[in-house]
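Report on the following structure.
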Amino acid sequence: MPQINRTLEYRRARFVAPGQNLEELTRQAWGQFPTHLDRGVPRTDRSIVTGMKEQDQRGSGFALHCARYYDRQGVGTIPMAPAAQVDLGERQPDADENFLNADFFALIRGNHVVCLNCGRNGGALRSYLSGLFKKAGMAREAQMFELTRVGNPNALAIIERVGVKSIDMKVDISEATAVELIEVEGGGGFGQIAKRAIGEAFRSLTARDAELRQLRQAEQGTVTVSINVRKGDLSAARDGLDHLAGEIAEDENADGYVINLRDGAVIKPDEVSVKKAVKIEAHANSVSVFQAWDELRTYMEELEENGQLGA
């Protein structure tokens, strides 16, 4: 079977109420439902996410394989007889089956989580577990948590040790994006707050300069704004730039930035999150469950050895 490239991501459960343990809650809720159909949680788009399989990895955590499907929805088929043009066919599921729409894997150890295919911000896993906890009758505070990206402590340590020379932030200059940047209020992470501030500066510039006003009305393109501290400025200003860089680097949704360090090195968004590329054997339209779990366990062990679980 061919092997498929996949990316593992490390996240950490952050509960609104302190003292919660995601692994314990998951084990408790999962244990209340004997079959995968009992563990199904409906979504607002009318799909259903269900816990397919679990593995108790003892001290290494609790591993899950979950899948999403639409009840009675067919799958597309492509005719293989040679033809200039073909129509997409459809095969309906049998009476005792449904077709896989998507799946994801996770290894949960305390509040540490290693994910595979868990969606943006770990949303697929978070939504499913929150719904499962509700179905199991758990308290509301158990359902209220996020799976946050944990900044690579190596990158953050470099910022602290070396210091930041400048931060380059790329901003879309299309008319729609310019309006959004300038007019939106609140919301978003630290990166969005910084971009809104850039948007305000962009508006001030275009109001005074006819050529820049044309730039603002452009239909596509980007402008990169560099934030820096001039040589000889107070150390407090440099500390402020270091703090800004650290906040942006840890922002879950921040992108389009480059942090230029004083020693000439750079930090980019895809170099900050804690993740690992792996190859796993393909199975059906997913990957081998046990190989995926092996990779999750190995990565969790590597994170522990590197001290990143305690960072």
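The values are calculated or read from the model by the stated rules, or taken from the named source; none is laboratory data. What you are looking at is a predicted structure, and each value in this text was computed from that prediction instead of being measured. Note: ideal-geometry Cβ built from the backbone for every residue, glycine included; neighbour counts use all protein chains shown.
Before moving on, here are some points about what is shown:
- Exactly one residue out of Gln55, Gln73, Gln28 is in contact with a helix residue (DSSP H, G or I) (Cβ under 8 Å, 6 or more places away or on another chain), assigned by TED's automatic domain parsing to the domain that holds Ser288 and surrounded by 11 or more Cβ atoms within 10 Å (Cβ to Cβ), and it is Gln55.
- Among residues of region 253-270 that are closer than 16 Å to His243 by Cα, those with a beta-carbon under 6 Å from a residue that is of a type in the set (Ser, Thr, Tyr) and assigned to a strand (DSSP E or B) at least six positions away or on a different chain give the pairs Asn260/Ser166.
- Strands (runs of 3 or more DSSP E) contained in region 1-72 and holding at least 2 residues closer than 18 Å to Phe99 by Cβ: 48-56, 62-69
- Options Leu100, Leu107: the member that is buried (at least 19 other Cβ atoms within 10 Å of the Cβ) and within 20 Å of His36 (Cα to Cα): Leu107
- A single entry from Leu8, Leu37, Leu22 fulfils the requirement of being without any contact (Cβ under 8 Å) to a residue 40 or more places away in the chain and in contact with a strand residue (DSSP E or B) (Cβ under 9 Å, 6 or more places away or on another chain): Leu37.
- Any helices (runs of 4 or more DSSP H) falling wholly within region 206-311 and containing at least 2 residues that are modelled with pLDDT of 85 or more: 289-305
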